[in-house]
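Okay, so here's the structure we're looking at.
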Amino acid sequence: MIYNWITIIILTAMLSGCAQQPRQRLGDTSACMNYRSMMTAPMPPEAMQRLQKQCEVSMQATVTTPKRN
């Protein structure tokens, strides 16, 4: 009897853990998502560096820094 309850509890825990939505990185821009998706693609190094630079520029544009007067 207790074996059945333990099996049900473990199965429920496994299923609920798999059902959770993956969390998106905070502040991820479309340029960075594009760069990360293309990281494993066979591309020339220059194209990869261009994607990386676009990601860095887009991240700097989204980060707001307080201005000092």
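When residues in the range 26-50 are screened for being exposed (fewer than 10 other Cβ atoms within 10 Å of the Cβ), assigned to a loop (DSSP other than H, G, I, E, B) and at pLDDT 85 or above, 4 of them pass.
For residue 53, the criteria (1) at pLDDT 75 or above; (2) in a loop (DSSP other than H, G, I, E, B) hold in every case but one, which is (2).
The values are calculated or read from the model by the stated rules, or taken from the named source; none is laboratory data. Please read these numbers as outputs of a predicted model, since none were measured by experiment. Cβ: placed from backbone, ideal geometry, glycine included. Neighbour counts: every protein chain shown.
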